[in-house]
Amino acid sequence: MITETRITVTGATGQVRWGYHLVAEVGAWTLSKGLFSATVQNVDTAKLSQAPLSFVVVRPNGSRWEWPMRDVSLLGSILTARLEEQEA
Amino acid sequence: MSVRVRRPDTARLELSRGDWLIVKKHLTAGETLEMFGLMRQRDSVDSIRFGLSRIIAHLVDWSIQDLDGKVIPITGKPIADVESALRLIDYDTFTEIEKAVDAHMAAMEQERKNERAAETGSSPISLSAA
């Protein structure tokens with residue numbers, strides 16, 4: 001039997017990338033059931049309109065978490081998106 | 001109308017002793033202008049910074065290790081950190097990297113010429129001194 005658990009993941013830093021391009025610096029962020037919300041700064045608006053975008057977190061041990069992003073929207077300094085399955 | 005933006009594709013350049021570089025295949029206009037800016041010293045191109053700037057502009061990742069056997073981190077780092085890493089390695093390695101990037105840039109320039117020629121249906125013209 002599969003049960004759905006609601007897990008919310010939060011963080012203090014991250015990056016939005018288009019390939020190797022840095023698109024935005026991410027501050028406080030929240031991920032819950034695929035819905036992503038974050039405060040961002042230093043946004044490259046031209047690259048933000050490109051695809052595919054990824055949300056990347058570099059952990060203290062050097063490993064990376066990376067999620068493909070879709071339905072990206074920016075309002076002021078708040079960025080929202082849907083994150084897909086984490087890439088290996 | 002035509003597509004004027006390139007995908008951020010990368011290429012792997014093999015070095016000696018099993019090492020490698022991951023470099024950008026083609027630079028954007030912004031990256032090219034930034035590279036030129038890094039080359040400049042006051043009102044002229046600094047010959048010493050010329051090679052350094054071309055490497056910094058293209059470098060995405062590498063396998064170069066420090067004395068502790070750890071890869072010197074450069075991915076996603078600010079330009080100043082990448083330059084610091086390049087200044088840390090031994091000079092023979094630096095020149096090997098510079099040659100690899102120079103060869104890559106020449107190959108990519110030829111690739112772009114071939115693309116333009118294909119678009120116009122003509123053969124790429126090679127100009128040489130008589």
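One table, with the values for the structure above:
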quantity	calculated
Residues (closer than 16 Å to B:Asp90 by Cα and either open to solvent by 90 Å² or more (accessible area, probe 1.4 Å) or free of Cβ contacts under 8 Å to residues at least 40 places away in the same chain (or both)) located in the range B:53-72	B:Gln65, B:Asp66, B:Leu67, B:Asp68, B:Gly69, B:Lys70, B:Val71, B:Ile72
Pairs, first in a strand (DSSP E or B) in the range A:68-87, second among the acidic types (Asp, Glu) and open to solvent by 50 Å² or more (accessible area, probe 1.4 Å), C-beta under 9 Å, six or more apart	A:Pro68/A:Glu84; A:Pro68/A:Glu85; A:Pro68/A:Glu87; A:Met69/A:Glu84; A:Arg70/A:Glu84; A:Thr80/A:Asp71; A:Ala81/A:Asp71; A:Arg82/A:Asp71
Qualifying positions in the range B:5-27 - more than 14 Å from chain A (Cβ to nearest Cβ) and surrounded by fewer than 11 Cβ atoms within 10 Å (Cβ to Cβ)	B:Glu14, B:Ser16, B:Arg17, B:Gly18
Which listed residue is within 14 Å of another protein chain (Cβ to nearest Cβ), more than 13 Å from the chain's Cα centre (by Cα) and at pLDDT below 95, from B:Ile74, B:Ile48	B:Ile74
Near pairs, Cβ below 6 angstrom, 6+ apart or cross-chain, from the range A:13-26 (away from chain B (no Cβ under 11 Å)) to any residue that is open to solvent by 20 Å² or more (accessible area, probe 1.4 Å) and among the β-branched types (Val, Ile, Thr)	A:Ala24/A:Val43
Subset of the range A:58-67 [assigned to a strand (DSSP E or B) and within 11 Å of another protein chain (Cβ to nearest Cβ)]	A:Val58, A:Arg64
Candidate set from the range B:28-45 (those that are closer than 17 Å to B:Asp102 by Cβ and assigned to a helix (DSSP H, G or I)); member that is nearest to the other protein chains (Cβ to nearest Cβ)	B:Glu31
Counted residues, the range A:56-85 - those being exposed (fewer than 12 other Cβ atoms within 10 Å of the Cβ) and either out of contact with any strand residue (DSSP E or B) (no Cβ under 6 Å at 6 or more places or on another chain) or not small (Gly, Ala, Ser) (or both)	10
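The values are calculated or read from the model by the stated rules, or taken from the named source; none is laboratory data. Since this is a predicted model, take the numbers as computed values, not measurements. Neighbour counts run over all protein chains shown; Cβ positions are idealised from the backbone, glycine included. Surface areas here come from the heavy atoms of the whole protein model, side chains and all, with no ligands, DNA or RNA. Shrake-Rupley method; radii C 1.70, N 1.55, O 1.52, S 1.80 Å.
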